[in-house]
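Heads up, the thing below is written out as structure tokens.
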Amino acid sequence: WNTTFFGPTKIAASLRAIAARFDRTIQDNAEKIIEKYTPMMQAIVDEYRPRLEGKRALLFVGGLRPRHTIGAYEDLGLEIVGTGYEFAHNDDYERTYEEMARGTLIFDDASEIELEKWAREYKVDLVGSGIKEKYVFQKAGIPFRQMHSWD
């Protein structure tokens with residue numbers, strides 16, 4: 001099963017998937033937790049989604065992060081137009097395909113030149129990546145979210 005704790009939609013789904021492996025008491029308690037925190041998370045979504053709805057993002061964050069963070073971006077109204085890994089295995093890609101819209105660009109070990117080309121080609125509004133790519137996109141004037149360390 002694929003659990004992630006990034007974004008309200010995926011958090012609720014993950015809590016339900018975990019609770020489903022236990023008895024009814026645990027399942028009911030999971031629902032109580034979801035019910036308790038949904039209004040808080042919804043308030044944040046309501047604040048930011050109007051400004052982000054329909055914006056396009058490109059994610060290249062290595063490890064398992066692309067597929068784990070996609071839902072959080074989507075909760076805020078962003079469309080993920082491309083994502084990729086630097087060090088991934090076939091099962092990483094298989095699980096990522098399940099999270100992506102049909103026709104989304106999925107790539108492996110892209111260079112900064114390729115990333116900048118795709119960002120321009122797909123007219124992205126935001127790039128989420130690591131420190132190596134940060135300055136490429138800052139120089140290109142494309143908003144950037146550094147996703148490895150939160151500087």
### Query
Of all GluC sites (Glu not before Pro) in the stretch 64-151, which ones are in loop regions per DSSP and have a Cβ with at most 16 other Cβ atoms within 10 Å?
GLU86
## Note on the structure
In degrees rounded to 10, the 0-90 angle between helix 65-75 Cα long axis and the longest Cα principal axis of the chain is 70 degrees
### Solvent-accessible heavy-atom area per residue, rounded to whole Å², over the chain at 1.4 Å
60 Å²
### Task
Grab the DSSP H runs of the chain that are 4 residues or longer, score each as -39,500 (n - 2.57), total them, divide by all residues and round the 222 nm result to the nearest 500 deg cm²/dmol.
-17500 deg cm²/dmol
### Message
Below 8 Å, C-alpha to C-alpha, sequence gap of six or more: please give me the relative contact order for the chain in percent.
### Response
20 percent
### Summary
Along the stretch 85-100, Karplus-curve 3J(HN,Hα) (6.51, -1.76, 1.60; θ = phi - 60°) to the nearest Hz, with x for Gly and Pro, reads 10, 9, 10, 10, 10, 3, 5, 4, 5, 4, 6, 5, 3, 5, 8, 9
### Message
Limiting things to C-alpha atoms, what are the Rg and the maximum Cα-Cα separation (Dmax) for the stretch 8-49, in angstroms?
### Response
11.6, 37
### Task
Could you rank ARG102, ARG21 by how accessible they are, 1.4 Å probe, largest area first?
ARG102, ARG21
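How about the stretch 1-47: which chymotrypsin sites (Phe, Trp or Tyr not before Pro) there are in a DSSP loop, with at most 13 other Cβ atoms within 10 Å of their Cβ? All intermediate terms of the calculation are to be shown ahead of the outcome.
Values: sites: TRP1, PHE5, PHE6, PHE22, TYR37; in loops: TRP1, PHE5, PHE6, PHE22.
Filter output for the stretch 1-47: TRP1, PHE5, PHE22.
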### Message
Cut-off under 23 Å on the C-alpha distance; same-chain residues fewer than 8 positions from LYS134 excluded. Which lysines are left, in chain and number order?
### Response
LYS55, LYS117, LYS123
### Message
Please give the Cα centre distance for the stretch 119-151 versus the stretch 44-113, rounded to the nearest Å.
### Response
13 Å
### Task
Check cross-link reach from LYS132 to the aspartates and glutamates: straight Cα distance under 17 Å, and skip same-chain residues fewer than eight apart.
GLU86, ASP108, ASP109, GLU112, GLU114, GLU116, ASP151
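Counting only protein heavy atoms, what percent of the accessible surface of the stretch 5-147 is carbon or sulfur at a 1.4 Å probe? Display every interim value, and only then the final one.
Numbers: 4610 of 8360 Å².
With neighbouring chains kept in place, the figure for the stretch 5-147 is 55 percent.
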### Query
Can you give the convex hull volume of the alpha carbon atoms of the chain per residue, in Å³?
120 Å³
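The values are calculated or read from the model by the stated rules, or taken from the named source; none is laboratory data. Everything numeric here is computed off the predicted structure, so don't read it as measured data. Counting neighbours? That spans all protein chains shown, and the Cβs are built from the backbone with ideal geometry, glycine included. Surface areas here come from the heavy atoms of the whole protein model, side chains and all, with no ligands, DNA or RNA. Shrake-Rupley method; radii C 1.70, N 1.55, O 1.52, S 1.80 Å.
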